[in-house]
Structures are given as structure tokens and as C-alpha cells.
Amino acid sequence: MPFYTRMGEIPHKRHTQFRKPDGSLYREQVMGTKGFSGIQSILYHHHAPTEILNAQLLAAYRPQYETQGALRHRHFRTAGLIAKGDAVAGRQYLLGNDDLLIGIVHPTEAMSYYYRNGDGDELLFVHKGTGSVETMFGTLRYKPGDYIVVPIGTIHRIVPDPGKSKLLVVETNSWITTPKRYRNEHGQLLENSPYCERDIRLPEKLETFTEPGEYEVRTKKGGFLHSHLYPHHPLDVVGWDGYLYPWIFNIRDFEPITGRIHMPPPIHQTFEGHNFVICSFCPRLYDYHPKSIPAPYFHSNVDSDEVLYYVKGNFGSRKGIEEGSVTLHPAGIPHGPHPGKIEASIGKRDTNELAVMIDTFRPLQVVDHLQGAEDKNYVFSWLPTN
């Protein structure tokens with residue numbers, strides 16, 4: 001995020017002596033992006049972050065994709081894809097390419113280890129459940145509707161509260177940030193942005209752990225999962241400051257942009273990364289031109305694959321969709337409202353839909369196991385008889 005934040009204890013000047021009560025030095029870590037030319041934060045640890053007892057290769061992290069089939073629109077029902085496990089090991093991947101992986105997870109237990117993505121940022125959308133994300137920058141509490149942004153290299157652990165939980169997961173090989181067109185030259189979100197800094201939640205408290213022992217941190221890097229064993233607690237930070245840290249934005253704080261006639265999908269954009277964007281379809285007033293057609297027009301995905309994850313409500317341009325449905329409308333062929341949905345939208349005042357859209361600018365592949373959750377008739381659902 002583009003605004004400066006600080007938590008805990010830090011010295012007056014960076015890269016200068018900062019001593020513990022016993023006179024020894026805290027260990028300074030500069031954590032930044034794009035070499036030293038991107039955003040960064042500086043953290044102060046009780047122990048050197050490079051101290052490890054063991055390094056081990058755990059497993060390959062690349063999902064198995066299906067063989068190439070016919071180009072077509074596809075619909076997957078994820079409500080039945082329920083597997084027990086923690087918020088990392090229990091992930092079930094749906095789609096992916098060289099830029100990102102998209103999956104879901106139903107965390108049923110706290111992680112017994114810590115985790116970091118060494119390839120890029122991660123975005124977790126909370127469909128159901130509450131809990132905590134314990135990070136080296138502090139702890140964040142999450143609730144339904146939250147987008148949790150976890151920067152590259154952030155050591156963290158997800159602890160769900162008792163009850164049903166479901167997260168939509170986007171693992172990237174790059175960064176996730178606010179849309180550039182909604183920021184001024186200083187990085188501040190503009191007045192015409194659909195949300196602003198006031199809507200963003202930062203870590204609530206910085207907890208510093210100094211207990212000795214053996215602690216595992218699993219690191220995703222280059223398509224593999226690695227295990228590093230630390231002789232000290234990985235969340236031993238006493239203070240930090242900078243522009244790089246985890247944060248939360250709730251989808252219900254997104255203020256939709258509306259107009260007299262139907263507005264194009266980019267008005268729903270919430271985040272951007274390398275070769276992808278993420279949008280939020282939220283409850284909103286429909287168009288107010290006297291002859292407006294609220295349903296979207298047919299359009300061709302010339303440059304991008306479009307993925308929609310349906311969260312709640314009645315999605316006005318679709319039929320046969322349920323909570324947790326995922327649709328994939330690939331580049332190269334047009335898509336649009338189902339039969340009857342254009343006519344049915346005329347005269348409607350508002351919509352109560354809630355969905356997350358991910359547009360990728362390189363083709364997505366479908367993970368092999370997902371075929372069992374596919375609605376095979378979706379490709380024919382635009383025929384007048386359906």
C-alpha cells in the first residue's frame with residue numbers, strides 16, 4: 001500500500017545502532033520489492049532472520065492441469081469441494097497460469113507451522129468464517145467479505161475460529177496493489193476511487209515472541225515447497241516501519257460507480273497485478289437512463305480470460321448459478337447474458353449480487369480434478385430452449 005505506517009519500537013534513524021535492554025543489538029531487516037527501487041519496510045528482530053537449523057525440500061507445488069480441450073464457456077460448482085486441513089495444506093486449486101494460481105480452501109484447523117510465499121503476493125477472500133492472520137508485522141482479524149493482502153515473503157500463520165470457513169485464494173508471481181488510475185502521483189487514492197485509505201485495516205497489534213525452540217516455516221518458491229527450521233520464534237519483531245505490510249479491505253466497503261447507461265466492467269476493478277486484475281461486483285443501483293438496459297451487453301474477451309466467483313445474491317445476467325460457483329469465460333469467444341436476462345433486467349432498480357471477478361491477460365488452465373465439479377451443459381446454456 002502506498003502510505004507510510006509504523007508499529008512497535010524503532011530507532012530514530014534507519015541503519016543505526018538499536019540495542020536491546022541487555023545492550024546487544026536488534027537485527028535490522030530491509031524487506032522490499034523490485035530490488036531496492038520498490039516499496040519496502042524495515043523490521044527489527046530479536047534474532048537474525050537468517051538463522052536456521054535445517055532446510056528441506058518438501059514437494060512440488062504445481063497442480064496437474066487437464067489436457068487441452070475445446071474452447072468453451074465453463075461452470076464449476078465448488079460447494080462440494082470440501083477437504084479438511086489448514087489454510088495452506090488444504091488448498092484445492094482450480095485454475096492457473098504462469099502469473100497466478102486460483103483456488104479455494106475450507107480451513108478446519110490452525111496451521112501448526114508458519115508460511116511465506118517467496119514468489120509473489122497472495123490475496124485471500126473470506127467467503128465464510130472469522131479468524132486471525134498472525135504475521136511478522138502483527139495480527140489481523142478477518143471476517144466475511146474481507147480481502148486479505150499478504151505481501152511476498154511475509155511469514156504468517158492463519159488461525160480460523162471454530163465454525164465453517166471458506167476462502168478464495170489467489171497466489172501470484174508478482175504484486176497486488178490498488179489500480180493505478182485511482183491514485184495520484186504521490187500514491188494517495190483519489191476522490192473518484194471506489195474506496196480510500198480509510199477503508200483499509202492494518203495489523204491491529206504487534207506481538208513479539210522470544211521463546212526458544214524449534215519452529216517450522218514453509219516457503220513456496222519456484223513451484224516447490226520448502227521447509228526451514230528456526231531455532232527461535234519467527235515472529236520476533238519488536239518494531240517496523242515502511243510501506244510494505246499485510247492489510248485488509250472488505251468488499252462491502254467498495255462503493256460501486258454507476259451511470260445513466262451500462263458501465264463497462266473496469267469500473268468494478270479493486271486490485272491489479274502483473275497480467276491480471278481483480279474486480280468486485282457489489283449491490284448497487286442500476287442505470288437510470290429512461291431506456292437503459294441494466295444487463296450487460298454481449299462482449300468479446302479479446303485480451304483476457306474472465307473468472308467469476310459467485311459469493312451471494314442473484315447474479316442478474318446468469319441462470320443456473322449457485323453460491324460458490326466459478327465460471328470461466330475464455331479469451332477468443334464472446335460471452336454475455338443468458339436468454340431472457342436482458343429483457344428481464346429492463347425496469348429493474350438495483351441488484352443485490354456479490355461476486356469476485358479475476359481477469360487474466362494470459363490463458364488459464366483448468367486443474368485436472370475440477371472436471372468432476374463441472375456443469376457440462378453450461379456451454380449450451382445460451383440456446384433459446386435452455
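Brief remarks on what is shown
- Label separation (K128 vs T67): 3.6 nm, computed from points 7 Å beyond Cα along the C-beta direction.
- (1) 63, 60, 45; (2) 63, 55, 52; (3) 78, 45, 38, with the label sought being that of the calculated Cα extents along the principal axes in Å: (3)
- Only protein atoms count toward the accessible area here, which uses a 1.4 Å probe; on segment 283-336, the carbon and sulfur part of that area reaches 58 percent.
- For the cross-link pairs K84/K166; K312/K376; K164/K312; K143/K164, the ones whose C-alpha atoms lie over 19 Å apart are K312/K376.
- Segment 343-386 - percent of accessible surface contributed by carbon and sulfur, probe 1.4 Å: 54
- For R183, residues with placed amide H under 5 Å, excluding near neighbours: L190
- Contour excess over end-to-end distance, with Cα ends at K205 and K376 and 0.36 nm allotted per residue: 56.8 nm
- Counting Lys and Arg as +1 and Asp and Glu as -1 over every other residue whose Cβ lies under 14 Å from the Cβ of N184, the net charge comes to 0.
- Dividing the mean sequence gap of close Cα pairs (under 8 Å, 6+ apart) by how many residues segment 251-386 holds gives a relative contact order of 29 percent.
- For segment 59-66, 3J(HN,Hα) per residue [Karplus equation, 6.51 cos²θ - 1.76 cosθ + 1.60, θ = phi - 60°, Hz, x = Gly/Pro]: 5, 5, 10, 8, x, 8, 9, 6
- Relative contact order for the chain, counting Cα pairs under 8 Å that sit 6 or more residues apart, in percent: 21
- Listed residues D375, D99 arranged by accessible area, highest first, probe 1.4 Å: D375, D99
- Of the peptides 260-272, 338-350, 232-244, the order by per-residue mean of other Cβ atoms within 10 Å, starting with the highest, comes out as 232-244, 260-272, 338-350.
- The chain: calculated mean residue ellipticity at 222 nm from DSSP helix runs of at least 4, using -39500 (n - 2.57): 0 deg cm²/dmol
- Backbone phi angles across segment 146-153, fed through the Karplus curve with coefficients 6.51, -1.76 and 1.60 (θ = phi - 60°), yield HN-Hα couplings of 6, 8, 9, 9, 10, x, 3, x Hz in residue order; Gly and Pro are listed as x.
- Per residue, the chain exposes an accessible area of 47 Å² to a 1.4 Å probe, with every protein chain left in place.
- Measuring nothing but protein heavy atoms, the accessible surface of segment 200-247 at 1.4 Å probe radius is 53 percent carbon and sulfur.
- Normalised by the number of residues in segment 103-208, the average gap of Cα pairs under 8 Å and 6 or more apart makes the relative contact order 34 percent.
- Extended-chain gain in nm, criterion 0.36 nm per residue less alpha-carbon gap, H274 and E109: 56.2 nm
- GNM top mover of G129, G187, G32 - the chain, alpha-carbon springs below 10 Å: G187
- For segment 80-86, 3J(HN,Hα) computed residue by residue from phi via the Karplus equation (6.51, -1.76, 1.60; θ = phi - 60°) reads x, 8, 10, 10, 6, x, 8 Hz, glycine and proline entered as x.
- The spacing between segment 49-78 and segment 9-46, judged by their C-alpha centroids, is 34 Å.
The values are calculated or read from the model by the stated rules, or taken from the named source; none is laboratory data. Given the structure is predicted, the values throughout are model-derived calculations rather than measurements. Quick reminder, even Gly has a Cβ in these numbers, built from the backbone with ideal geometry, and neighbours come from all protein chains shown. All accessible areas refer to the heavy atoms of the entire protein, side chains included, with ligands and DNA or RNA removed. Shrake-Rupley method; radii C 1.70, N 1.55, O 1.52, S 1.80 Å.
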